[in-house]
1. Which one of these does residue A:119 not meet: (1) modelled with pLDDT of 95 or more; (2) surrounded by fewer than 17 Cβ atoms within 10 Å (Cβ to Cβ); (3) in contact with a Lys or Arg (Cβ under 8 Å, 6 or more places away or on another chain)?
2. For segment B:1-106, give me every one of the helices (runs of 4 or more DSSP H) that falls completely inside it and has 1 or more residues that are facing chain A (nearest Cβ under 10 Å), surrounded by 17 or more Cβ atoms within 10 Å (Cβ to Cβ) and at pLDDT 95 or above.
3. Go through (1) more than 17 Å from residue B:95 (Cβ to Cβ); (2) within 10 Å of chain B (Cβ to nearest Cβ) and name the single condition residue A:144 misses.
4. Give, as residue ranges, the strands (runs of 3 or more DSSP E) completely inside segment A:170-221 that count at least 1 residues that are without any contact (Cβ under 8 Å) to a residue 40 or more places away in the chain.
5. Which residues, taken from segment A:46-84, are surrounded by fewer than 21 Cβ atoms within 10 Å (Cβ to Cβ) and away from every other protein chain (no Cβ under 11 Å)?
6. Restricting the search to segment A:147-157, which residues are within 11 Å of chain B (Cβ to nearest Cβ) and in a loop (DSSP other than H, G, I, E, B)?
7. Only residues that are within 14 Å of another protein chain (Cβ to nearest Cβ) and either assigned to a loop (DSSP other than H, G, I, E, B) or under 19 Å from residue A:53 (Cα atoms) (or both): list them for segment A:12-22, please.
8. Out of everything in segment A:85-101 that is out of contact with any Ser or Thr (no Cβ under 7 Å at 6 or more places or on another chain) and more than 7 Å from every other protein chain (Cβ to nearest Cβ), what residue ends up being surrounded by the fewest Cβ atoms within 10 Å (Cβ to Cβ)?
Amino acid sequence: MCAKAIEFQDVVKRYEHVTAVAGVSFSIEYGAVAALLGGNGAGKTTLLSMLLGLVTPTQGKINVLGSDMLRQRYQVLPKISFMSPYVELPFRLTVEQNLTFYAQLYGVSRARKMVDRLLAELDLLHVKKRTYGSLSAGQRTRVALAKSLLNSPELLVLDEPTASLDPDTADYMRGYLLNYRNENNATLFMASHNMVEVERMCDQVVILKAGRVADIAAPAALLGKYGRGTLEQVFLDVARHDQPLVKAHE
Amino acid sequence: MDQVKQSLLRIFAIHRRHYYLMRGSWPRIAEMFYWPTVQMVMWGFMNQYLTQRAEGVYIGAGMLIAAFLLWDVLFRSQLGVSLAFFEEIYSRNLGYLFVSPLRPQELVLSLLSIAVLRTGLGVGVAAWLAIPFYGFSIFDLGWALVAFFCNLIFFGWAIGLAVVSMVMRYGMGAESLAWALVFVFAPITGVYYPISVLPQWLQYISWCLPPTYVFEGLRELIGMHTVNMMFLSYALVLNLVYVAIAAALFLVAFRAARQRGLLLQIGE
């Protein structure tokens with residue numbers, strides 16, 4: 001097994017006249033919970049999209065679970081998953097139909113059993129016959145999480161996983177994700193604006209600014225380095241320290 | 001072999017998704033049958049009127065109904081491809097689809113096969129209803145009907161893939177092409193009249209289009225009861241070229257969308 005779950009090597013992404021990511025290099029260990037922080041336009045969405053193979057980098061190399069994401073994308077995709085409140089599942093399908101469809105798409109063996117287990121664990125059994133479009137934002141997020149766990153991913157990429165959840169559900173989600181990581185030695189890589197969540201969950205924090213890595217360390221190390229009591233203060237220090245180096249685009 | 005099996009499973013997964021969608025939405029089911037049936041009824045009456053009243057005008061038994069039904073095969077085929085793709089855009093689901101193991105070529109095959117099923121069902125019901133309504137059965141055309149159907153399905157695929165490629169490149173602003181683009185072929189492929197009525201220069205263009213051979217062949221079959229094998233062969237060869245170009249266009253558009261970061265923004 002490769003030691004690094006994610007490896008960015010001098011990755012650049014330019015869109016015509018805009019540089020969204022300007023030479024990013026970092027790596028995330030297997031089994032880590034890592035956060036990607038950055039202000040609006042810092043390049044987070046572009047970076048996540050490149051990690052998932054939705055966007056091709058202008059230059060540089062991205063290795064995911066030991067494979068080159070540019071050349072071996074379809075070997076990697078069955079082993080990773082993605083969840084975002086900004087991407088939806090088909091509205092007219094029921095929760096059960098959505099999960100069954102994605103289970104088949106990922107080639108999940110014993111799909112029925114897996115779907116039932118996730119529905120039970122994420123407290124969705126009572127809504128399994130309801131259409132996805134009729135659910136509350138919190139329920140949709142849990143269904144999306146269930147979808148993203150169908151293939152038991154080794155790497156789970158999360159874009160603001162608790163953005164639309166009430167504090168109780170968000171807390172449950174964080175606990176569930178950490179438990180999943182512990183039980184499966186999976187790697188979690190999440191973009192988040194919730195600094196408390198990042199402090200609680202993450203072993204490693206990557207701070208992006210204007211398309212570059214401004215800092216990377218464990219949360220406690222960042223607090224010590226910047227002499228701050230919270231990650232939010234660290235984030236503000238980094239965000240307000242300099243003018244952007246390049247015009248960023250997300 | 002295992003890869004082929006996995007690939008087929010993913011294609012059937014997309015089928016399953018669309019089956020669920022249709023099963024839970026009666027307007028979608030109704031739409032599939034409504035227009036072919038309404039149009040068949042209208043062209044049936046037109047056919048009856050011209051047959052009985054229009055002296056000096058030769059309208060073979062059921063010629064207009066057959067022409068309409070086959071035209072609708074072309075129209076529904078391209079619409080089937082486009083709509084199956086648009087459903088993913090409408091539901092903002094493309095982001096999850098494109099990070100799943102589903103490959104672009106599997107998505108293409110899913111769209112094409114869904115289009116065949118939708119077309120077969122929609123036009124099939126209208127064709128069946130023409131029997132009690134007008135005493136005309138397009139199924140009497142025999143195996144030639146299968147050849148006509150396949151050729152029109154293939155050309156519909158090519159147009160549908162071209163439309164989807166345009167939408168990937170230009171966003172949903174290009175959505176209206178799904179309803180409009182195919183109609184540019186109606187006047188020049190001789191759906192309802194022989195292409196000999198067209199100006200000579202336009203006829204050269206017509207003979208480059210597979211549906212022209214189908215509709216000319218249909219007139220020959222109904223009028224003279226002969227199957228023009230040459231026409232069917234030309235149509236098939238041309239279709240192979242058009243479908244290959246359209247599939248390449250889709251893959252190029254997909255690659256360009258990845259480079260431009262458009263895959264998550266297609267619906268906007």
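The values are calculated or read from the model by the stated rules, or taken from the named source; none is laboratory data. Here the structure is a predicted model, which is why all the values come from computation and not from measurement. Note: ideal-geometry Cβ built from the backbone for every residue, glycine included; neighbour counts use all protein chains shown.
1. Going through the list (1) modelled with pLDDT of 95 or more; (2) surrounded by fewer than 17 Cβ atoms within 10 Å (Cβ to Cβ); (3) in contact with a Lys or Arg (Cβ under 8 Å, 6 or more places away or on another chain), residue A:119 breaks only (2).
2. B:2-23
3. For residue A:144, the exception is condition (1).
4. Working: elements: A:187-191, A:204-209, A:212-217.
Here the list reads A:212-217.
5. A:59, A:60, A:61, A:63, A:66, A:67, A:68, A:71, A:72 - these are the residues of segment A:46-84 that are surrounded by fewer than 21 Cβ atoms within 10 Å (Cβ to Cβ) and away from every other protein chain (no Cβ under 11 Å).
6. A:150, A:151, A:153
7. Our first condition is that a residue be within 14 Å of another protein chain (Cβ to nearest Cβ); within segment A:12-22, this holds for A:12-21.
Matches in segment A:12-22: A:12, A:13, A:14, A:15, A:16, A:17, A:19, A:20, A:21.
8. A:86
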